[in-house]
Structure formats: structure tokens, C-alpha cells
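Here's the structure we're looking at; comments come further down.
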Amino acid sequence: VDLPQILGTDVITAPDCGRIFSEILEAAHLEAGKEEYLSGKIWELMSALRRLEAGRQSRQNPYVIKAKRYIEQNYMTGIHVTDIARELNLDRSYFSTLFRQETGQCFIEYLTLLRINKAKTLLKTTQMRTSDIAFEVGYSNQNYFSKLFKKCTGMSARDFRQS
């Protein structure tokens with residue numbers, strides 16, 4: 001569950017959550033059983049948030065689902081937004097708009113974060129050289145990869161590996 005994104009949902013699109021929050025606030029007046037009541041309400045809230053997230057995932061645009069699958073399978077190559085739009089038989093501009101609406105990110109942001117997350121996994125689970133990891137996740141220029149990694153994570157790949 002992407003909790004920060006879900007918690008940003010307003011009570012109009014998540015009325016159950018708004019009701020539960022109100023009930024939690026009203027619990028301040030309880031004298032006996034307050035902790036148990038609040039514990040139950042927190043579990044109820046978590047359940048409502050999970051249902052909300054599941055509903056969002058099931059309503060995701062099929063083009064975006066296919067695009068994400070394509071990106072996951074090809075992130076290590078030099079893919080571009082035009083490649084995906086062509087693969088989906090969509091206009092590049094229309095696809096870009098649709099992708100941003102559904103994911104909250106443009107294609108290149110999404111691809112970059114995916115690649116950096118893959119690199120982070122490789123840094124932690126293998127002894128591969130940074131230059132090999134850069135190539136493995138789709139960057140032919142190790143210096144560019146290093147700058148991008150530091151920009152996204154706040155630390156160098158070497159420091160990340162050692163942390």
C-alpha cells in the first residue's frame with residue numbers, strides 16, 4: 001500500500017476514512033476503554049485504506065498497465081516514450097498525458113526511478129562494479145549514472161552500498 005499517497009486522499013473520495021477520522025477525534029471524550037477503541041479504529045482505518053488502494057489499482061488504465069509492463073521488461077535498454085507509444089498504437093503526446101495522469105510522473109521520471117531502484121538492489125545484493133551496474137540498468141555512461149544516482153538518493157553508489 002502506498003500509504004503517503006493514500007493519506008493524501010480527500011474525504012470526498014474516501015468517505016469511510018473521513019468518518020473513521022471523525023470517530024477517532026471523538027474518542028478524546030471517552031473515559032473508559034479509550035485505548036481499545038482507538039486501536040480498533042486504527043485497524044478499521046487501515047482496512048479502509050487497503051480497500052481504497054485495491055480499488056485504485058483495479059481501475060488503472062489498461063494502456064498504463066501495458067506500458068509499465070513494457071518498461072519493466074525493457075528498462076535496461078535505451079527505451080523512449082515514442083517506443084512505448086508506438087508499441088501501444090497511441091499518439092506520443094496522448095500517451096505521455098495519460099501516463100502522467102495515471103502515475104503522477106512523466107515517463108522519464110518513472111523510468112529513472114525504476115532504474116535507480118534496480119541499481120540499489122544490485123548494489124546491496126551483488127559485488128558488481130558500479131560501472132557494470134550502470135550498464136545493467138540501462139546507462140551506457142557511468143558518470144551520468146553516478147550523478148543521477150546521487151541526485152535521486154542523496155548519496156553516491158559506493159556510499160549506498162556501504163550503508
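Quick look at the numbers
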{"quantity": "Residue pairs meeting the criteria (Cβ under 6 Å; at least 6 apart or on separate chains; first farther than 16 Å from T121 by Cβ, in the stretch 145-161; second assigned to a helix (DSSP H, G or I))", "calculated": "S156/K150"}
{"quantity": "Filter pass, T112 being among the β-branched types (V, I, T) and more than 26 Å from S156 (Cα to Cα)", "calculated": "no"}
{"quantity": "Number of positions in the stretch 119-139 that are under 18 Å from H80 (Cα atoms) and touching a residue at least 40 places away in the same chain (Cβ under 8 Å)", "calculated": "3"}
{"quantity": "Residues within the stretch 133-158 that are surrounded by 13 or more Cβ atoms within 10 Å (Cβ to Cβ) and part of a helix (DSSP H, G or I), tallied", "calculated": "13"}
{"quantity": "The stretch 33-66: number of residues that are in a helix (DSSP H, G or I) and either among the hydroxyl-bearing types (S, T, Y) or in contact (Cβ under 8 Å) with a residue 40 or more places away in the chain (or both)", "calculated": "9"}
{"quantity": "Out of I12, I6, I20, I42, sole residue that is of a type in the set (V, I, T), more than 18 Å from Q105 (Cα to Cα), out of contact with any Lys or Arg (no Cβ under 7 Å at 6 or more places or on another chain) and modelled with pLDDT under 85", "calculated": "I12"}
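The values are calculated or read from the model by the stated rules, or taken from the named source; none is laboratory data. Because the structure is predicted, anything quoted here is derived from the model rather than measured. Cβ atoms come from the backbone with ideal geometry, glycine included; neighbour counts cover every protein chain shown.
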